Every structure is written in structure tokens, then in C-alpha cells.
Amino acid sequence: MKKILVANRGEIAMRVLRSCKDAGIKTVAVFSEADRNAPFVKFADEAVCIGPPASSESYLKMDTLIEVSKNLDVDGIHPGYGFLSENAEFAKLVTNAGITFIGPMPDAINTMGNKLAAKEAVSKYDIPLVPGTDKAIVDVSEALEVAKGIGFPILIKASAGGGGKGMRTVEREEDLEEQLTMAMNEAKSAFGDGSVFIERYITDPRHIEFQVLADSHGNVVHLFERECSIQRRHQKVVEEAPSAVLTPELREVMGKCACDVARSCDYLGAGTVEFILENNTNFYFLEMNTRLQVEHPVTEMITGVDLVKEQIKIARGEAISFSQEDLRITGHSIEVRVYAEDPMNNFLPDIGTLEKYVQPTGEGVRVDDGFEEGMEIPIYYDPMISKLITYGSTRNEAIARMTDAIDGYKIEGVKTTMPFCKYAINHDAFVSGNFDTHFVQKYFSPEILDGHDSEEEKMAAILVGKILDEYKGENTYANNGEAISKWKLNRL
Ligand code: ADP
């Protein structure tokens with residue numbers, strides 16, 4: 001492979017281009033009019049504007065991408081994540097054009113892109129599934145029978161769902177019919193496929209996923225797990241590797257299952273097998289993501305493997321150059337996703353200009369980003385600014401380095417998820433390793449970040465305290481920021 005086109009934007013385009021350059025491969029970036037000044041456009045050897053800002057008119061234009069590739073003698077296309085990365089039709093078109101798709105075969109993408117088809121595929125292997133239905137639910141009475149069998153609460157899931165969308169929890173039998181109808185209608189309009197199924201709702205689960213690599217010579221390995229339980233809206237925001245709770249024995253069993261999931265669909269390339277873990281012991285297969293994952297850097301940090309380079313080697317037909325036994329976990333890594341979102345306002349996107357943008361530096365700090373100071377966060381795409389990753393010889397060291405790195409990351413002009421992430425990784429539950437996917441609901445409310453006051457906020461808090469004193473006719477609040485902050489915290 002001599003020239004690779006990256007069919008993506010932002011930090012992941014930069015990430016892929018870097019590995020291509022390292023490997024001495026020429027690169028082509030494609031960009032929308034909104035991304036004209038983005039670093040990935042300048043970083044590539046060649047860059048082509050493929051249309052207006054809306055993804056449907058640029059990054060999702062399959063024919064344009066193939067045409068550009070042909071014109072520029074591209075022989076490999078890397079899709080990154082999102083956009084066309086899990087689109088079997090695109091993978092087919094690329095291959096038919098005589099270009100290598102750096103990813104799995106279309107059949108594997110199709111099978112794993114549908115949660116019910118995925119359950120069916122893995123049934124050849126001994127892979128634990130969440131108790132529930134393995135076929136689309138078509139009528140309410142059937143659903144009721146299943147739900148009664150597994151016990152409430154249950155989760156209705158859209159078979160074609162993804163990105164945390166298309167799920168509904170049902171607590172009580174009497175709500176089932178209404179919720180089921182709504183779920184089917186939603187699935188039809190959002191994903192074009194109304195199939196839904198039922199799973200037992202695991203009340204306090206952890207999200208544990210395994211990185212796998214599979215080559216065209218029949219080799220399949222796993223590169224251990226990532227813990228992704230800190231989520232908002234069923235979407236990850238803090239990830240780490242390894243998980244604080246997996247024993248070596250459980251890691252081995254889950255890792256073997258992950259490899260079997262890859263085998264079940266003749267997987268090729270880098271993929272991720274997601275599990276849900278109950279009581280730190282029972283695990284169930286959720287789904288497989290047939291692409292490079294946002295959180296792949298934590299795996300790279302603890303294994304020393306460049307996953308993009310491995311993807312390219314596998315796509316070239318080479319065998320994976322190491323065996324399962326060669327792989328070791330060394331140290332600990334944490335990633336926080338720096339989204340232009342306001343944690344004080346329900347994590348709603350906060351679009352604007354990066355008036356100040358200074359990345360942190362230091363031992364064990366990695367920043368995967370795609371922005372520079374002065375740039376706008378476009379409204380057209382996912383509002384992720386960057387991924388901040390730290391590495392330490394121990395988990396505590398990785399946490400301490402992340403705390404420092406967050407303090408050293410200067411972003412002004414938009415609100416970001418960083419204050420939340422700093423709070424989360426220093427929370428007792430996270431530090432002790434005793435947390436689950438409900439971390440945000442259990443421990444977070446916006447006022448908490450208010451408690452970590454700046455000087456002005458402390459003054460404002462003192463004033464509020466004084467006003468309340470007068471109102472209540474008592475003077476119970478000490479006249480300093482600390483005490484007021486505690487008062488504010490105690491009220492939560
Ligand atoms: P998506 O494809 O939308 O990402 P997943 O099936 O991967 O959907 O699930 C996303 C998240 O939803 C999981 O990480 C977990 O937090 C939650 N979840 C999924 N299935 C269950 C379940 N059966 N019980 C409890 N939580 C679940």
C-alpha cells in the first residue's frame with residue numbers, strides 16, 4: 001500500500017495520518033468546507049475538498065470518495081470511526097473499485113451491525129448472552145411472556161440501534177405495551193428497521209470491552225480490556241485499561257470469548273467486543289464494533305502496539321507479528337474525552353470558538369486532537385475536541401497525571417467535559433474501582449462542579465450564604481469560601 005486516503009476528519013484523521021506517515025505511506029485527506037483550516041488537512045500530503053459542511057454532502061458521499069481515490073491513485077481507504085466506517089455498502093464499493101478497505105469484510109460489518117444477527121452468529125460458540133429474546137419481538141403478548149420470564153426491569157433494544165440510542169427501560173408490566181410500541185416506532189424512524197428485542201436490565205453493570213485483532217491467516221488475538229463504565233446518555237466519557245476489577249482468570253475467559261466473537265463472523269482487522277459485567281463476575285456479550293474505537297489509545301499505551309499500523313498490515317495481507325503469549329499489560333492508562341459540552345447544563349453541546357487552546361505536556365501525557373487555537377467547533381459534527389490520555393506505572397499514577405494534565409489543558413471559548421472528568425476520576429468510587437455505568441446518575445449533579453469554586457464563585461457563594469442568613473435570621477455559615485462550598489455540597 002503506497003497511498004492511503006483517510007475518509008474522516010478531526011482527531012481520528014490526524015491519528016491515522018500520523019501512523020501512515022510513520023510507515024512511509026503517502027496520505028490524502030478529504031475535507032468539507034467547514035474543515036478547510038483543520039490541522040489534518042495541512043498534515044496530509046494531498047488534500048481535497050469534497051463538499052459543503054453537512055456530512056451527507058461531504059464525508060458520507062461514497063461516490064465522491066471513490067472518485068477522489070481513483071483520481072489520486074489511492075490504494076487504501078481508512079474510514080476512521082463514525083461516518084462510513086461501519087457501512088458495508090461502502091466497504092463493498094471500495095473493494096469493487098480495486099482499492100483496499102482498511103477494515104473487515106462487508107459481511108462481518110452487516111452481521112455485527114445488527115444486534116440480533118450478532119447474537120445469532122455467536123450462537124455457534126459458548127458465549128454468554130444477556131437473558132432475553134434472540135429474535136425480533138412482533139407482538140405484545142409474546143413480549144409480556146418473555147418479560148415475565150426474565151423479570152422486570154427489562155430493556156427494549158432496537159436491533160439496528162447504536163451510539164446509545166434506541167433503548168428503553170421498562171420497570172413495570174403495565175408500561176410494557178406502550179413502551180414497546182414507542183420503541184418499535186422510534187426504531188423504524190431512526191434506523192429504518194423497526195425490529196426490537198428484550199433483554200434483562202442489569203441494574204448495576206460495568207461496561208467492559210476487549211480489543212481484538214484478526215488477520216487473513218486465521219490468527220486472532222485480544223489486546224485485553226478497556227473499562228468504559230463512566231458514561232452519560234449511554235455514551236462513554238472516561239475509559240481506562242486495564243479494568244480495576246478483572247482478575248487474570250476472568251480476563252482470560254472474557255478474552256477468549258472476544259476472540260470467538262471475532263471468529264464467528266470471520267473478522268478481519270481491528271475490532272472491539274463489548275460485554276456487560278454484573279457483580280464483577282458474570283459477563284454477557286453485548287455487541288461487536290467493527291472499526292477502530294475512539295478509546296483505542298488506552299490499549300496502545302498498555303500494550304505498546306500501534307493499532308492503526310496493525311490495521312494497515314492486516315489489510316495488506318500480512319500476518320499479525322505477535323502471538324497472544326507475546327502480549328503483556330504494562331502499567332495503566334486513562335482517557336478522558338474532551339467534548340465541547342457543558343456538564344453544568346446536562347452535557348449539552350456548547351459550540352463556539354476556541355479562544356484559547358493550550359495542550360498539556362508532561363511525563364505520560366498524550367493528546368489526540370484535531371483543533372488549534374482560534375478555530376471554531378463546527379455545529380455539523382460530533383462536538384469532541386480531543387482525547388486526553390495519560391499513562392502511569394500504576395492506576396494511581398495515571399489518575400494523578402490525568403488530574404495534572406486536566407489542570408494544564410487551557411481551553412477557553414467553549415465549555416468542556418473536563419471539569420466533570422476531573423471530578424469523576426478523583427471521586428472515591430472511581431479511585432476505589434467500585435463504580436458502574438450509573439456513576440453520573442449516582443454521584444454527579446452540576447452543583448458539584450460549582451463547589452470546586454473559582455475565587456469569584458466563592459465570593460458569590462459567600463453572598464448567597466449571607467442573604468440566606470438574613471432571610472433565616474441566623475448566622476450559621478462561616479465567612480469563608482471553603483465552608484460555603486461544603487454547605488453547598490451538603491445540600492446536594
Ligand atoms: P449501543 O450499540 O447503542 O452502544 P450497547 O448494546 O453497546 O448499545 O449498550 C450501550 C450501553 O447501554 C452499555 O454500555 C450499558 O451501559 C447499557 N446497556 C446495554 N445493555 C444493557 C442491559 N441489558 N442492562 C443494562 N444496561 C445495558
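The values are calculated or read from the model by the stated rules, or taken from the named source; none is laboratory data. Please read all numbers here as calculations on a predicted model, not as lab measurements. Every residue, glycine among them, receives a Cβ derived from its backbone with ideal geometry; neighbour counts consider all protein chains shown.
A few comments on the model shown:
- For the range 373-403, a residue qualifies if it is under 16 Å from SER333 (Cβ atoms), among the hydroxyl-bearing types (Ser, Thr, Tyr) and surrounded by fewer than 19 Cβ atoms within 10 Å (Cβ to Cβ), and the qualifying residues are SER393, THR394, THR403.
- Exclusive hit being of a type outside the set (Asp, Glu), over 17 Å from GLY194 (Cα atoms), surrounded by fewer than 20 Cβ atoms within 10 Å (Cβ to Cβ) and within 16 Å of the ligand (Cβ to nearest atom), set LEU129, LEU93, LEU144, LEU155: LEU129
- The number of residues in the range 160-178 that are surrounded by 12 or more Cβ atoms within 10 Å (Cβ to Cβ), of a type outside the set (Val, Ile, Thr), more than 9 Å from the ligand (Cβ to nearest atom) and within 18 Å of ILE202 (Cα to Cα) comes to 4.
- The set of residues in the range 301-341 that are in contact with a His (Cβ under 7 Å, 6 or more places away or on another chain) and in a loop (DSSP other than H, G, I, E, B) contains only ALA319.
- Of all residues in the range 152-174, those that are among the small types (Gly, Ala, Ser) have Cβ atoms under 7 Å from Cβ atoms of residues that are in a strand (DSSP E or B) and near the ligand (Cβ under 10 Å from one of its atoms), 6 or more apart or on another chain, in GLY161/MET167; GLY163/GLN235; GLY164/GLN235; GLY166/LYS157; GLY166/ALA158.
- Qualifying positions in the range 207-246 - within 23 Å of GLY392 (Cα to Cα) and basic (Lys, Arg): ARG226, LYS236
- For the range 381-430, the set of residues classified as within 30 Å of LEU60 (Cβ to Cβ), out of contact with any Asp or Glu (no Cβ under 6 Å at 6 or more places or on another chain) and polar (S, T, N, Q) consists of THR416 only.
- Counting the residues of the range 265-291 that are within 17 Å of the chain's Cα centre (by Cα) and more than 13 Å from the ligand (Cβ to nearest atom) gives 2.
- Scanning the range 224-253 for residues that are of a type in the set (A, V, I, L, M) and away from the ligand (no atom under 15 Å from the Cβ) returns ALA241, ALA244, VAL245, LEU246, LEU250, VAL253.
- Residue check for PHE83: assigned to a helix (DSSP H, G or I) and either in the same structural domain as LEU292 (by TED's automatic domain parsing) or within 25 Å of the chain's Cα centre (by Cα) (or both): no
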